[in-house]
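What follows is one structure encoded as structure tokens, with my remarks underneath.
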């Protein structure tokens, strides 16, 4: 292998595949980046147990200044190699291999780095029985942001670390829950050419790495197979494994009636939640208290050691029965952040049953955050 | 105590005294900030074992909107209190005390915080037998930056964690050394009204907190007493304890002759050092090698496991005897950073003796970085 390339273009591609590469892995070669050079393109690959990313730099892209001398491949220690590339002195660099050693030159600097055989690098998953659909990158990004907050980060029930996606025709329903809270978003895909019927569970943390790649993209081509999902962007393919198992039935958890309702600007409630949690975070059980009565709302937080905070909320309305309810402020904060800039409705039944937060006027639970209160008595 | 104040002004003052407050201290009350309200000013105080900072907000400063109702004082948990103040909803806040509780209100939010008696807060050190001088803040800042890099961070020889300042007339000599490297800066004070003769050792880490306060200041009033130094800025007094003991005689460590000299742009050498240290940092002993011969210079770094880097340096000149010398690249990097933007001279005697880095044309060791090489054979 022997090529030279425009360094900033190469760094950009490395940064993309680095999202899939972890220094903590039980498979040593996965700490490496795989570099493959064909007749007309350079391919970089990074992978971990959950996701794999492959990105291509085409010879036809003149800004990349990709000059291919000899095709071939090698894998190199990813973090270290990227660091070297970023520190090179010149606008361009040359990379050539001799056996399992790579020689990198740029300006007056030359690095000799030990690599590993590209043959030992795991193959990307084969995709069979594919269903595919094209979606708007912005719409996908919003759907992910509004639901992933409720996915569990604990492996005790692995299925809850995933996001449940049900695709039927041009409708997508996304649900995540850690059993204390639940987020649901239903969207109608705009400008979709094909319709798909599928039911998949994607690890929520895969989306942490996908979302930055969606920025500035127009459309994404999603391919779903039996145990993989692939998101195809310009020159980049993002693979995520699917979680196996049955996702719990969540529709029955969502209350259909309410006894007390509060309307408030999301930013105002968020500010008060932040202040109340300054104290609840210092206490043992991280709970704040909301009192709703006679059209008014008061939020308070306590810490035996430090003190207390109390605040009358600038509500738009409070209607229904009086309520004294306690909850984890962090859950409400996460929910309000994804609804920021909007007026929200909080709908309660009793202080022991889950309550929901929805944008004002939203119907059919298309954009819903559900939170289970905490019993404090 | 009862006052109201413009919140951004209060936050600015809190941020200043927070520099002296550590959450890790053996004296619990020092995790608090002391708040004292007089007839015409609010005083905030923070302190740890090394430094104390006192800053004043004057009633006469109309932008502070300081409205004094009742004088008094309290100490409150500093990190927590500052966090509360930053999260308050309104432009102004009111703070009042009832016994050892503080009530903080702003807009619709009200906090009740437990404090401690201001009487239990340690007094600031008394200053006796003071010598004082006025210096340019910019000149003091440069003097600190160019020397503190060589102060030891290890407590095995406490005296070496200090910066040695010798003041004689309007000349100041600053020296720091951790016994592997040494930094020296001699300046002639400009526009000084008084002259001082003093020999003090100030903990180098005190300067980490002083330097940000020097930004944007014109002149600093320095007061030196037997065991304290005070730096007086606008409305803020910065106290640092002095280190006791005799600072080692350092003049004899500085070589007066050289056998080999190299001139190079500091930024070019810094880039090459950064690249070579990518590999040396991966090896056991963190050493890079410099070869000087026949007007040329080559820098290299090695890691048995990963590989090697070699680079011909873009020197302005190399004169004198051939040399093969090894050193810790981090020491050279620190030295070059404070000389960045300049052409530097490196002056060597043998590969076992310390070498010096000075700005091109500098004489009399007024701006000098000395580094001990590493023996690799």
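The values are calculated or read from the model by the stated rules, or taken from the named source; none is laboratory data. Since we're looking at a predicted model, the values are computed, not measured. Here the Cβ positions follow ideal geometry from the backbone for every residue, glycine too, while neighbour counts run over all protein chains shown.
Residue under question is residue B:332, and the condition is that it be in contact with a strand residue (DSSP E or B) (Cβ under 8 Å, 6 or more places away or on another chain), at pLDDT 95 or above and more than 29 Å from residue B:151 (Cβ to Cβ); does it hold? No. Just so you know, in region A:75-102 the residues that are out of contact with any strand residue (DSSP E or B) (no Cβ under 8 Å at 6 or more places or on another chain) and in a helix (DSSP H, G or I) include one that is farthest from residue B:269 (Cα to Cα), and it is A:79. Please indicate, with yes or no, whether at least one residue in region A:185-198 is in contact (Cβ under 8 Å) with a residue 60 or more places away in the chain and touching a helix residue (DSSP H, G or I) at 6+ places or on another chain (Cβ under 6 Å). Scanning region A:185-198, I find at least one residue that is in contact (Cβ under 8 Å) with a residue 60 or more places away in the chain and touching a helix residue (DSSP H, G or I) at 6+ places or on another chain (Cβ under 6 Å), so the answer is yes. Condition check for residue A:305 on (1) within 18 Å of residue A:377 (Cβ to Cβ); (2) surrounded by fewer than 19 Cβ atoms within 10 Å (Cβ to Cβ); (3) within 14 Å of chain B (Cβ to nearest Cβ); (4) modelled with pLDDT under 95: one failure, at (1).
Looking only at residues in region B:308-318 that are assigned to a loop (DSSP other than H, G, I, E, B) and more than 10 Å from every other protein chain (Cβ to nearest Cβ), the one that is nearest to residue B:330 (Cα to Cα) is B:315.
Being on the phi < 0 side of the Ramachandran plot and more than 9 Å from every other protein chain (Cβ to nearest Cβ) is true of residue B:292. Of the listed requirements (1) under 24 Å from the mean Cα position of the chain (by Cα); (2) more than 14 Å from every other protein chain (Cβ to nearest Cβ); (3) part of a helix (DSSP H, G or I), residue A:119 misses just one: (1). Against the conditions (1) in a strand (DSSP E or B); (2) in contact (Cβ under 8 Å) with a residue 24 or more places away in the chain, residue B:335 satisfies every one except (1). Quick test of your reading of the structure: residue A:261 fulfils all but one of (1) within 13 Å of chain B (Cβ to nearest Cβ); (2) part of a strand (DSSP E or B); (3) within 30 Å of residue A:164 (Cβ to Cβ). Name the failing condition by number. Unmet for residue A:261, out of (1) within 13 Å of chain B (Cβ to nearest Cβ); (2) part of a strand (DSSP E or B); (3) within 30 Å of residue A:164 (Cβ to Cβ): (1).
Scanning region B:98-114 for residues that are facing chain A (nearest Cβ under 7 Å) and surrounded by 22 or more Cβ atoms within 10 Å (Cβ to Cβ) gives B:109, B:111, B:113.
Residue B:164 meets each of the listed conditions (1) modelled with pLDDT under 90; (2) crowded, with 17+ Cβ neighbours inside 10 Å apart from (1). Check region B:266-280 and report whether any residue there is surrounded by fewer than 18 Cβ atoms within 10 Å (Cβ to Cβ), assigned to a loop (DSSP other than H, G, I, E, B) and either more than 11 Å from every other protein chain (Cβ to nearest Cβ) or in contact with a helix residue (DSSP H, G or I) (Cβ under 9 Å, 6 or more places away or on another chain) (or both). No, region B:266-280 has no match at all.
Closer than 27 Å to residue B:271 by Cβ, in a helix (DSSP H, G or I), touching a residue at least 12 places away in the same chain (Cβ under 8 Å) and not assigned by TED's automatic domain parsing to the domain that holds residue A:204: is that true of residue A:23 in this structure? For residue A:23, the condition - closer than 27 Å to residue B:271 by Cβ, in a helix (DSSP H, G or I), touching a residue at least 12 places away in the same chain (Cβ under 8 Å) and not assigned by TED's automatic domain parsing to the domain that holds residue A:204 - is not met.
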